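Okay, structure first, notes after.
The values are calculated or read from the model by the stated rules, or taken from the named source; none is laboratory data. All figures in this text were calculated on a predicted structure; none of them were measured in a lab. Using ideal geometry, Cβ is built from the backbone for each residue, glycine included, and neighbour counts are taken over all protein chains shown. Heads up: the accessible areas ignore ligands, DNA and RNA and are worked out on the full protein's heavy atoms, side chains in. Shrake-Rupley method; radii C 1.70, N 1.55, O 1.52, S 1.80 Å.
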Amino acid sequence: MAPKTGKAKPHKAKGEKKKKEEKVLPTVIEITVETPDDSQVTLKGISTDRILDVRRLLGVHVETCHLTNFSLSHEVRGSRLKDSVELVSLKPCHLTIVEEDYTEEQAVAHIRRLLDIVACTTSFGPSSPKASGRNNSKEAGSTESAGSDNGGVAGTVANRQPKGVEKASKSGKDGSADAPENGEMAAATVSMYPPPRLGQFYDFYSFSHLTPPIQYIRRSTRPFLEDKTEDDFFQIDGRVCNGKPMTIVASRKGFYPAGRHLLLCHSLVSLLQQLSRAFDAAYKALMKAFTEHNKFGNLPYGFRANTWVVPPIVAVNPSIFPSLPVEDENWGGNGGGQGRDGKYDYRPWAKEFAILAAMPCKTAEERQIRDRKSFLLHNLFVDISVFKAVATINRIIKASSCTLNVPAQSVSNEERAGDLIIKVSRDVADAATKLDHKSDGSQVLEISQDELARRNLLKGITADESTTVHDTPTLAVVVVQHCGYTAVVKVSSDVNWDGNLIPQDIDIEDQPEGGANALNVNSLRMLLHKSSAPQSSITVQRLQSGEFENLNTARLLVREVLKNSLQKLQGEASKHNKSIRWELGACWVQHLKDHASGKCESNKPEERKSEPAVKGLGKQGALLKEIKKKVEVRIGKAEEGKDAFLGCIDMNKKSDDMNQKELEKKEEEMEIIWKKMLPKAAYLRLRESETGLHLKSPDELIDMAHKFYADTALPKLVTDFGSLELSPVDGRTLTDFMHTRGLQMCSLGRVVELADKLPHVQSLCIHEMIVRAYKHILQAVVAAVSNVADLAASIASCLNILLGTPSTENEDADIINDEKLKWKWVETFLLKRFGWRWKHENFQDVRKYAILRGLSHKVGLELLPRDYGMESAAPFRKSDIISMVPVYKHVACSSADGRTLLESSKTSLDKGKLEDAVNYGTKALSKLVSVCGPYHRMTAGAYSLLAVVLYHTGDFNQATIYQQKALDINERELGLDHPDTMKSYGDLAVFYYRLQHTELALKYFSTFSLQ
């Protein structure tokens, strides 16, 4: 986040006396819970947990995960404790589960929970049985190694070797049988670092080697055996693992077999265990496997189809896309978000956003209330906007009979729904065209690039904790791209108060489930395959032949788009990028303040002496630290010669160079100019920042900002890359990393040049540039497709050209020419857009799976989990492209105070000030829980950071608890391959290793590697 620029210190209330803050550090709490069957379970929580968190912990415990409708009681505090009750207030921390009556909706949710728990046995594809003493089965295409008899994860990984590894291990590098050492080394290398195999993406979550406890459950259409009572809701038909059919009645008090009311049970699992020994054995076997999978919780259920790699069950019938239980509408599930029922379509958005901007925000308490309201309203607005935009795009496609062959930009549509304005336009089939699809871009705001640069700079240098909320024109905008269309949803700026005062509050419902079950945009997918009946073998051969012809035809389209786009790009004149992100202004002011107060890190080398040893990283950690120090020294030397640039810091002190009267006169003149451009409060913040920027004209500031960008901000970015805790891991985290510092992605070429001592950063930047070059081609191809039915074939052909590897000896001349054309596009695009020259020796270093992943995220693709042969000319088939999903952008709205505290915690950790890092991290978590809810992705980020800080303090147990909380949120809300999810797995692998749980650490490391 961009730093605060207000005069007041960020974490102290106004007028507070200087005194040492009381630092309350979190502690581990053991919670004892009495279950309905008179047993006890012991949970491990933390002192910041509440009753809502206890419910979550019970949901990931094997003995209580099937329970859904209950309250918690305490011997002192009484029954039905509210979710907001803090655990530290419960002494003793002993709770009792009290079963509550069901409503029909809650009964449906209870059945959905059971289906969700057992889904891992059927939905995630094949899974090898856990090796114990010996391996009893092998995966297709895998080989057995000498180490497979050892059991555990090492044996499992060894069995996942790709084809050809066994041959290499036996014959050696030269193919002879007398090179056993080389063969063993190769096998060991593959076992430790398996090559990417997308087909195994879901293996970690699959328990298909176990017997599914339930074959099916569905609503019954048969009449009740007995007269239906007022307490009875509906009947379900089911079949358990041994094939025994059952009809069960769902009622207010629980579930019972049809005609046998005496067997009533509150839990469906308890009932089925009584009725079927086979189910009881299968369910207990699954719970045992869950415990072995991870004895610390985080059970493999509750997942959503929110990853670019679809669950393996979809391959059975891609035209239907079978839903995972959480999103199964037949059992009350959905893709998350609010407003699917149209309840909030005509909300007075314009007035409510105006009220937010006017709400009191002087104190931290006022801002927390305001931020909570802002967060809730903005989240609701984003959900409604996405639903509306996607519905409008689908309606346009359907109205045009799925025909998209119209001239560029000729398809446009504008609708209004209350205060919402929805504009939809057709994308251009030209990859050389640079589209401005930013929510705060010039096209959306309808201003020129120069005006936008001035607006953003002034916003940045006057920024405070309320900047995001007060900038309604950018806050109330959502941009959605889907299937070759772009929709912009804005809130009307017309607000009429009829002479009344602006209210000081808005009425908005709280988020259900503590912020969990947020909108999964993948649930709004457009499936690209039509349903078809089972075909004979002859028909299948004809279909395969037809698919081959479709791919060849689509390849011609891709080639034409690539040629035309390359020609236009080559003729494009080089342009100087004059745009400015507002975060740059905020970082600039913070930089000037730090220099003025002598807080520059490079001037205080003594602070680095307190840096603790980073455990578990060895030589690599020391190397990164050394690289960081070298970069910091280089930046410090470069800044010594910037006296001219930093001269504005002490403008008020240079009375020797300029007469005091002239200074006062100039300040008066500039004050008149600035007050015409800025609100009074913003101008006062700028003047009181003591940077002297208020004495400069806007044009002068823009020139100075560009100089700061090139001379200071970019080198400082590379310094931050040297941090062990702050370095990004993929394109999305790299983009966030740069944007929060006000840097633009067009500077990636310059970053590569500056990061000459950080090869991992260079590789990350190069891959991101290639992904963006490929993205423009793929988006242009989608826009050029003449029929929605041809999208899958066109996308597959485009991916074959972009990611395939043709052989120079055997391939067709056209394929070889396509390969040359592709690399010519990459060279030209990287030079024109990023100012970086592509080197031919880099061809072999491209990680194609990483590019495929980034491309799928940016364009919105869902693919089958298959091991794509990237070494072939055509690794993708039409059937591999399952669907397209919307991609949307909007301004992030959370707690500015919370984000500032997070940044302070990161900075303290980087400097080795662990006590301050824990203190700031704990406060940040409290702020974010209050504003975003306990199960939001921002809260997960706070949990994750605090876990890392606690790990460095040596508190491995508590660090593990925090990171498990982060992983639980990230897996379900962000997806299994999201960078935050991957980081949680990587961190947990280290934590478990430090706790001597080596096997579990290897499991998590293996999962991290696959993802």
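Worth a mention:
- Annotation for Lys288 and Asn330: the two label points, set 7 Å from Cα along the Cα-Cβ direction, are 3.1 nm apart.
- The overall shape of the range 280-438, judged from the alpha-carbon gyration tensor, is oblate: a/c is not under 1.5, and a/b is no greater than b/c.
- Accessible area of the range 782-877 belonging to carbon and sulfur atoms, whole % at 1.4 Å probe: 47 percent
- Scanning residues 5 or more positions from Ile29 or on other chains, those with amide H under 5 Å from its amide H are Gly45, Ile46, Ser47, with H placed 1.01 Å from N in the peptide plane.
- Taking only alpha carbon atoms, the range 202-333 gives an Rg to Rh ratio of 1.00, where Rh is the Kirkwood radius.
- Cα-based shape type of the range 896-1010, given that a ≥ b ≥ c are square roots of the gyration tensor eigenvalues and the cut on a/c is 1.5: oblate
- Rounded to the nearest 0.05, the FRET efficiency derived from the C-beta distance between His760 and Ser79 at R0 = 45 Å is 0.25.
- A Förster radius of 25 Å combined with the Cβ-Cβ distance from Met677 to Gln744 puts the calculated FRET efficiency at roughly 0.55.
- Inter-centroid distance (Cα atoms) of the range 818-861 relative to the range 222-284, Å: 57 Å
- Shape call, the range 349-508: gyration tensor on alpha carbons, a/c limit 1.5: prolate
- Along the range 971-981 the Karplus relation, 6.51 cos²θ - 1.76 cosθ + 1.60 evaluated at θ = phi - 60°, assigns HN-Hα couplings of 4, 8, 8, 9, x, 6, 10, 5, x, 5, 5 Hz to successive residues, with x for each Gly and Pro.
- Cα-Cα over 20 Å, subset of Lys373/Lys438; Lys578/Lys858; Lys716/Lys911; Lys244/Lys295; Lys295/Lys927; Lys593/Lys716: Lys373/Lys438; Lys578/Lys858; Lys244/Lys295; Lys295/Lys927
- Charge-dipole axis of the range 896-1010 as Lys and Arg at +1 and Asp and Glu at -1 on Cβ define it, positive-most pick from Tyr920, Tyr943, Ser984: Tyr920
- Under 5 Å, built H, 5+ apart or other chain: amide partners of Leu324: Ala305
- Heavy-atom surface analysis with a 1.4 Å probe gives the range 349-508 a carbon and sulfur content of 50 percent of its accessible area.
- Within the range 28-100, DSSP assigns beta bridges of which about 80% are antiparallel (rounded to the nearest 5).
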